[in-house]
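Taking it in order: structure first as structure tokens, then the write-up.
What follows is calculated from the coordinates using simple rules that are stated; it is not laboratory data. Just so it is clear, the structure is predicted and the values come from calculations on it, not from any experiment. Ideal geometry is used to build each Cβ from the backbone, glycine not excepted, and the neighbour counts take in all protein chains shown.
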Amino acid sequence: MGDSRKTLNKRSSPQDDSARIVSIHSLKANHENSQVLVIDPENTVHDSTVGRRWLFCLLTKSGHSSTYESFYRSWDEDYLPTLHAAGGEYWAAFAKFLKSKQFSVGHIDELVRAVQSRFPILESGGKPFTGVPDILSNVRDYGYSLHALPHASLSGEAYQSKVLFPSLGDLFDKVTTSSDLDRVSNSNPFEQYIQQHRLSARRKFYLSSDEDRLQQAKDAGFTTMTVNNSHRSSADHALNTWADIIPLCGSYAISRAA
């Protein structure tokens, strides 16, 4: 079989655009929320390294000599997975991480207070990438329900109010974090998500930059996509730009309505 991954890089013709515009009205009226697009916001909707880079710059100015990658490696590989799997208080876990880096108790307290005053969590990110809110609004016009599913220790309610930029928070119909899902050992979290939100009968799409999550979503029956990913991806659709999501989602909606 050939490579099933698709990369969209062709612009549609004016005739195609006109036909699509005509189709939107019937799709919105008759197929509202017949499809759902679940999005992992981290490094997809916004840059989730903003808080990390801010803290690392602070450490560098105070004489810390490790690289960005080596400093955060154990946080990503040991502390965050445990936090997401078992729960717990985010900043208490981060303080333990800093202790493992041989910082003094006083320095740890100073660092945690400094970064916590600016970011609800280090991975919170900043403003959405240019054009993303408008693009998602266009996707909704095709009858899609938009869900956010970040990998975070915060609840969905806290994530929506503290992390998501206001222009994004209003676009999502549901915001659920990995911490909101029932923690069952060795289970696929996307299967839990389908059951929790009763999505089994609906066409499901998942957008992320994380390869492990993309594969889990695909195994659970999602059509997967990634945007501007520099690495070879296992996603069903590897898109060059965010704007490519509009014709892709439109084509699925129109074919379903036909």
Next on the checklist: Please give the Cα centre distance for the range 43-74 versus the range 174-214, rounded to the nearest Å.
Outcome noted: 29 Å
Checklist entry - Going toward the positive end of the dipole of the range 50-124, with +1 on Lys and Arg Cβ and -1 on Asp and Glu Cβ, which of LEU98, SER117, SER74 do you reach last? => result SER117
Item to check | Residue-wise HN-Hα coupling along the range 61-67, computed from phi with Karplus coefficients 6.51, -1.76, 1.60 (Hz; x: Gly, Pro) | outcome: 5, 8, x, 5, 10, 6, 7
Checklist entry - Treating the beta-carbon of each Lys and Arg as +1 and of each Asp and Glu as -1, no other charges, what is the dipole magnitude of the range 50-124 about its Cα centre, to the nearest 20 debye? => result 240 debye
Item to check | Dimensionless Rg/Rh of the range 50-124 - Kirkwood Rh, Rg from C-alpha atoms | outcome: 0.92
Checklist outcome for this item: Pairs over 19 Å Cα to Cα, from LYS99/LYS162; LYS127/LYS162; LYS61/LYS101, come to LYS99/LYS162
Checklist entry - From the phi of every residue in the range 199-213, what ³J(HN,Hα) in whole Hz does the Karplus formula 6.51 cos²θ - 1.76 cosθ + 1.60 yield, where θ is phi - 60° and glycine or proline is x? => result 9, 4, 8, 10, 6, 10, 10, 9, 10, 7, 9, 9, 5, 5, 5
Checklist entry - What are the ³J(HN,Hα) values, in whole Hz, obtained from phi via the Karplus relation 6.51 cos²θ - 1.76 cosθ + 1.60 with θ = phi - 60°, for each residue of the range 108-117 in sequence order, with x given for Gly and Pro? => result 4, 4, 5, 5, 5, 5, 5, 6, 5, 6
Checklist entry - When a footprinting reagent is the concern and you count Cβ atoms within 10 Å, what order do THR67, THR177, THR60, THR223 take, fewest first? => result THR67, THR60, THR223, THR177
